[in-house]
Amino acid sequence: MRIVQILPVLAFGDAVGNDTRALKDALLEAGYETEIYAAVIDERLPQGTAQPFDMLEKLEDDDIVIYHLSTGHKLNYEIEKLGGKKVILYHNITPEQYFKKYNRDASSSCAQGIKAAKRLAKIADYAIADSAYNKEDLIRYGFTCDIDVLPILIPFEDYEKKPNAGILRRYDDDYVNILFTGRVVPNKKQEDIIQAFYYYKNYINPKSRLILVGSYAGIDKYHEQLEAYVRELGLTDVIFTGQIKFDEILAYYHLADVFLCMSEHEGFCVPIVESMYFNVPVVARDTSAIAWTMGGSGVLLPDDDPIMAAEMVNRVLTDETLKEKILKNQRIRLQDFDNQKVKTQFLQIIDKIIQGK
């Protein structure tokens, strides 16, 4: 019996790719014969991390296929042709409307992904969602098979690596650093973070900066609009890092005083868990999967009111008792994402699939 993971693109450093590789390691540790197959494999990954999809050999009835679904791709329609038990691992697909004004290809890819999800619902023997919100998505798409919720397997050991010294020297001062990490894309609503920062900097604390970490490749028009918005507001101390190296990302987490998320659509939101790991208090808008990922910790905002967001950031940073309570609850929630705990849950799911339960 083999267990193969398949996905359209195995990228370097993204949440889906990291999860796929971590699950492979867990299967190998448990003694399973396993491999990753992808249509596109990032050249920055170590040799032997995965194999091209067209190298996949015929699968037997007792083999298990884990297909990572997160976008539209022709590979979505190849899975039903394969043998073995078919498991769909769903990482969420962003609704197409967020990209319509900015990137037609991205919008089309999202639409095609949702269309494929509805087709895959008919052939799935089992499904895994990486949040309760994503499980609800699958049910809406027509999945009637058993669905388990399994958090993303996050490589916390990587976060112990040395942060970029240059970044630390540049921004380690008496300014409050408000951080958000994530691709600069419309669903993440960076404009709402900028608006909240405008109020915070102008009416609460002028000695503050906003750091927006994330690539804007492919959605340049949205990034340009955000830059224009910053200029229109007359704001200073707003930093768009673009795509940066991992040690630089680590440095910004070390520098952060608070993590502010105003995103409108998230399937999981790994940066929230990363902030918990770095003991950074999280203030986030209560949308999509955010509340599930926070798990009763951090601070949830009921809407996108920028004044409320700014005032809450200020309260978290000035009320030491509240801040310590938030951090304590975040440390408790962080335990649910412990590598060994998630690996155990994953292997229990695999055993259930093998046993046909």
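The values are calculated or read from the model by the stated rules, or taken from the named source; none is laboratory data. These figures come from a predicted structure and were not determined experimentally. Note: ideal-geometry Cβ built from the backbone for every residue, glycine included; neighbour counts use all protein chains shown.
Quick notes on this structure:
- Index of the failed condition, Gly182 passing every other in (1) of a type outside the set (Asp, Glu); (2) under 26 Å from Thr94 (Cα atoms); (3) more than 16 Å from the chain's Cα centre (by Cα); (4) not assigned by TED's automatic domain parsing to the domain that holds Tyr98: (3)
- Scanning segment 260-282 for residues that are hydrophobic (A, V, I, L, M, F, W, C) and farther than 23 Å from Tyr98 by Cα yields a total of 5.
- Whichever residue in segment 181-238 is among the hydrophobic types (A, V, I, L, M, F, W, C) and either at pLDDT below 95 or part of a loop (DSSP other than H, G, I, E, B) (or both) and, among such residues, is farthest from Ala106 (Cα to Cα): Ile204
- Restricting attention to segment 197-249 and to residues that are among the hydroxyl-bearing types (Ser, Thr, Tyr) and over 22 Å from the mean Cα position of the chain (by Cα), the residue that is farthest from Phe259 (Cα to Cα) turns out to be Tyr229.
- Looking only at segment 47-103, and only at residues there that are polar (S, T, N, Q) and more than 19 Å from His265 (Cβ to Cβ), the one that is surrounded by the fewest Cβ atoms within 10 Å (Cβ to Cβ): Gln47
- Counting the residues of segment 172-187 that are surrounded by fewer than 17 Cβ atoms within 10 Å (Cβ to Cβ) and in contact (Cβ under 8 Å) with a residue 40 or more places away in the chain gives 2.
Table: residues versus (1) closer than 16 Å to Ile128 by Cβ; (2) at pLDDT 95 or above.
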| residue | (1), (2) |
| --- | --- |
| Lys24 | yes, yes |
| Ala39 | no, yes |
| Gln51 | no, yes |
| Glu57 | no, no |
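- Hits in segment 213-267 - residues which are in contact with a His (Cβ under 7 Å, 6 or more places away or on another chain) and of a type in the set (Ser, Thr, Tyr): Tyr216
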